[in-house]
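One structure is given here, and the rest of the page talks about it.
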């Protein structure tokens, strides 16, 4: 089996940074996942990242993820035991050995959590994920569009409680797992969406963990060589700068466990005299400039600190921060009608049709 | 195996009436459970009620129950499929044949639901339950005091979703199952608390289904022979009349999915000039007379219509209804410190110690 990259503990820094960029303002802070992954790699050895084509068609691939608020686990989960518990319990339930670990969500905390399981089990980690970004609900994965069931799913908490879910749809998995996660204290660990190598080859968004690593590397090297970090990221991603401005006003409320709201910006430099607005529901989902809708989900909207290029989450938006907003093309799978139904602006309650920003 | 009683469809009327009396104002209306049981018995044949001592010590016994609001299922559950699904799924999980069905809660709807599974499977139903009455939370069973784990538990809804829970305590089972039940639309079916015959012989409250049948029979015969129905029930139960009055005032609110509140009564006839107050949280949990606490959980408080002897739930209390309140001794298992910790007045937030009304 050809190894794409061997990921050591120190490599997790870049991956977490890249995961925060693809987190598009949400997805949870990768910090705790990074710490868990570093701990696991130091203890059990490095992780082998492989291309999905290295797997046999009948191989068994299982994604793992954290659900809810990772901050809740900061002090409770130094070893990743619950992730491995969920993974092993699902393996036992399926009655066959799992051949590779997969990432469910390359943006936010879940860009790093699969490394914990890969390190602890010695299994290869597939370079790819089910979103190519972050989204707030667990049915929002390309896997759903390929008919992959989220269940049987195992959900574990840090107390020793576990659930096995079998549901009639991935939307029902989300509802029941969300309710359990809230009850468990706001955070839980999942093993779900088991699939064969053949299905995974079609269903995943490829190369996203390598992209995370490269994005982190790009920012780090720009800083070291005094190159403008935002420009470096823009070039690397094929992104477009959609605004440069200061946070003027933030309206934030918690609805159904999600951080919803919007932030308004006043332009600076090349955007002086213009206004900008970001709507978020955990992730940044819609951008308006001068009162006109510019970019919506599934296209990616990510926000960087103008000076450092450091990715900024919706949670971290503060009055006066000088930020640069970027738009990135989403994976083409999201742009078909099934993808738009799952994650388009109307699903999130915005009364607007999706228009691909990069084709407009 | 000696059969105590063979329960035919028409016998379910008496059992449901008795179940409503032991429901102590809560436990859900046995009506829907009765219909399900009658349907199952007509289709699959009568149910054999057995004494627990008929079972071998290594026999496997499994209780089944409905969780949440049975009214939600009135139109959705004519066949009891979800109950049998939960039961069969747990059997498969345990990897061995279940030998008998058990009743979790002899008061309210769950006095009748186990008959559905017994009829559909042809398995005997044990004469007894885990409460000898009704209580609102699933850890509130004598089984808990004997170290029986509620999990592995299977929880099914009417849509085809199912959950397997493994928890660190029965209180955690309650929390997670409650959250799932709410999300599933307010009602779910459970198979849980699997135990051996040897454990069940110690852990159950014996003879409660026969008691339900006898209570229903007593009321029915009193009506037929123009005997005072309330007196007939009082004699049958060894109960004490604690008040006779009219509902003056009801304060009802829904807190955390439970119907909480209190009702005030003005005395009539022998209690003229006296006042009475009932506090309920689904079930009637505390009775005060003339401003002094008289009876508290775990002692049973049940309320009958003065004329007909028909049991009245907390939901059905209406201004002007003439009612007779009874106190019944609880099973001695509830009166030890572990029982009081589980279901005593302080657990429900009443700032008072339990004092056995029948020893006072």
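Things to note:
- Considering the stretch B:220-259 at the alpha-carbon level, its Rg and Dmax are found to be 15.9, 44 Å.
- Computed on the Cα trace of the stretch A:258-310, the radius of gyration divided by the Kirkwood hydrodynamic radius gives Rg/Rh = 0.98.
- Over 31 Å [Cα-Cα, the stretch A:5-208], rounded percent: 6 percent
- Rg and Dmax over the alpha-carbon atoms of the stretch B:150-293 stand at 20.6, 56 Å.
- Highest-MSF residue in chain B out of B:199, B:47, B:303 [GNM, Cα springs under 10 Å]: B:199
- Mean ellipticity per residue at 222 nm, deg cm²/dmol - from DSSP H runs of n ≥ 4 across the protein assembly as shown, formula -39500 (n - 2.57): -9000 deg cm²/dmol
- Note on the protein assembly as shown: semi-axes of the ellipsoid equivalent to its C-alpha gyration tensor, largest first and rounded to whole Å, are 58, 29, 21.
- Per-residue average of Cβ from other chains inside 10 Å of A:180-189: 2
- Just so you know, the averaged projected area of the alpha carbon convex hull for the stretch B:77-173 sits at 6.4 nm².
- Volume per residue of the C-alpha convex hull in the stretch A:3-45, rounded to whole Å³: 69 Å³
- Separation between Cα centres of the stretch A:152-183 and the stretch B:230-273, rounded to whole Å: 42 Å
- Taken over the C-alpha atoms, the stretch A:31-72 has Rg and Dmax values of 13.9, 38 angstrom.
- Value of Rg to Rh for the stretch A:157-236 (Rh from inverse mean 1/r over Cα pairs, i.e. Kirkwood): 1.18
- Inverting the pair-averaged 1/r between distinct Cα atoms of chain A gives 20.2 Å as its Kirkwood hydrodynamic radius.
- Centroid-to-centroid separation of the stretch B:1-60 and the stretch B:302-316 [C-alpha atoms, Å]: 22 Å
- Per-selection Kirkwood Rh - the stretch A:228-343 (Cα, Å, 1 d.p.): 14.5 Å
- The modelled label-to-label distance between residue B:56 and residue A:248, using points 7 Å beyond Cα along the C-beta direction, is 8.1 nm.
- Rounded to 0.05, the FRET efficiency of the residue B:272 and residue B:13 pair, given R0 = 45 Å and the Cβ-Cβ distance, is 0.80.
- Least to most buried among B:24, A:144 (fewest other Cβ within 10 Å first): A:144, B:24
- Mean Cβ count within 10 Å, highest first, over the residues of peptides A:208-215, A:59-66: A:59-66, A:208-215
Bear in mind these aren't lab numbers, they're just calculated from the coordinates by the rules spelled out. Keep in mind it's a predicted model, so treat the numbers as computed, not measured. A quick note on method: Cβ atoms are made from the backbone with ideal geometry, for glycine too, and the neighbour counts reach across all protein chains shown.
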